[in-house]
1. Does the stretch 176-188 contain any residue that is crowded, with 16+ Cβ neighbours inside 10 Å, under 21 Å from Gly48 (Cα atoms), of a type outside the set (A, V, I, L, M) and touching a helix residue (DSSP H, G or I) at 6+ places or on another chain (Cβ under 9 Å)?
2. Evaluate the following for Glu136: is it under 14 Å from the mean Cα position of the chain (by Cα) and modelled with pLDDT under 95?
3. Can you run down the residue pairs with Cβ atoms below 9 Å, 6 or more apart or on separate chains, where the first is in the stretch 58-81 and within 18 Å of Val144 (Cβ to Cβ) and free of Cβ contacts under 8 Å to residues at least 40 places away in the same chain and the partner is surrounded by fewer than 22 Cβ atoms within 10 Å (Cβ to Cβ) and of a type in the set (A, V, I, L, M)?
4. Determine, yes or no, whether Val66 is in contact with a His (Cβ under 6 Å, 6 or more places away or on another chain) and buried (at least 22 other Cβ atoms within 10 Å of the Cβ).
5. Looking only at the stretch 45-64, which residues are assigned to a loop (DSSP other than H, G, I, E, B) and hydrophobic (A, V, I, L, M, F, W, C)?
6. How many of the residues in the stretch 76-133 are outside any helix (DSSP H, G or I), touching a helix residue (DSSP H, G or I) at 6+ places or on another chain (Cβ under 9 Å) and more than 26 Å from Gly153 (Cβ to Cβ)?
Amino acid sequence: MNAAMDAAPDATMDAAMAGERDALRARLEQICRGPQAQPGAARALATGHAALDALLPGGGWPLGAVTELYAEVQGIGELTLLLPALARLTRSGRHVACIAPPHLPYAPALASHGLVLARVLHVQAQGPRESLWAAEQALRCQAVGAVLAWPTGLDDRAVRRLQLAAEAGGSCGLLYRPVAELARPSPAALRLRLRPACTDEGESGLHLELLKVRGGHRHALVVHPAAAAAA
């Protein structure tokens, strides 16, 4: 009797998860019937930060690849860093997918930085396995230009799955990962560590440490995401 009662909630949860998967798959299929990326058209997506673009092979965030961002603390501009590139994508007709973000994206702020809100997808996910599945599906859709995700506990195999999905869709995979996971090797094309920085004039910025750059070299620099996004 107890076993049957315990199984009922699990069955309900599995049915709900299956329904969410079907809904996401249908939504992506609808999106993928729209404008598609041109294969081989570009190797990178300009970041909107000239100094950073100059250090990255291709001149920006690598396309068809995974980038990992490790912020020492939340709320230092780690999302603002991406806004110029994401705004350019949405204005070009491609979508941006946010997979299970830790905080609900603030739509007015995204719009003020030039993002077309109708092309920003907010995907809920129940746990790491669902998040990984949703990120893979979104990366494979050529109408999705970038996928942002906040996974935990990924191993090499999981990152390789995302890498293959990004290659298939020609999209930009952007993973925010805990700093503690930097100790693990990763097949990601680009790995950056983010720290808060401040100029002598008191202007806030981000200290970026490029720890792994496929086809490039390790570097460090300071950028000012808020100023670049506002521009």
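The values are calculated or read from the model by the stated rules, or taken from the named source; none is laboratory data. What you see is a predicted model; the values in this text were computed from it and never measured. All Cβ positions, glycine included, derive from the backbone under ideal geometry; neighbour counts span all protein chains shown.
1. No, the stretch 176-188 has no match at all.
2. no
3. Between residues of the stretch 58-81 that are within 18 Å of Val144 (Cβ to Cβ) and free of Cβ contacts under 8 Å to residues at least 40 places away in the same chain and residues that are surrounded by fewer than 22 Cβ atoms within 10 Å (Cβ to Cβ) and of a type in the set (A, V, I, L, M), the close pairs are Gly60/Ala42; Gly60/Ala44; Gly60/Ala46.
4. So Val66 does not fit the description; no.
5. Of everything in the stretch 45-64, those that are assigned to a loop (DSSP other than H, G, I, E, B) and hydrophobic (A, V, I, L, M, F, W, C) turn out to be Ala46, Leu56, Leu63.
6. Total satisfying the criteria: 8.
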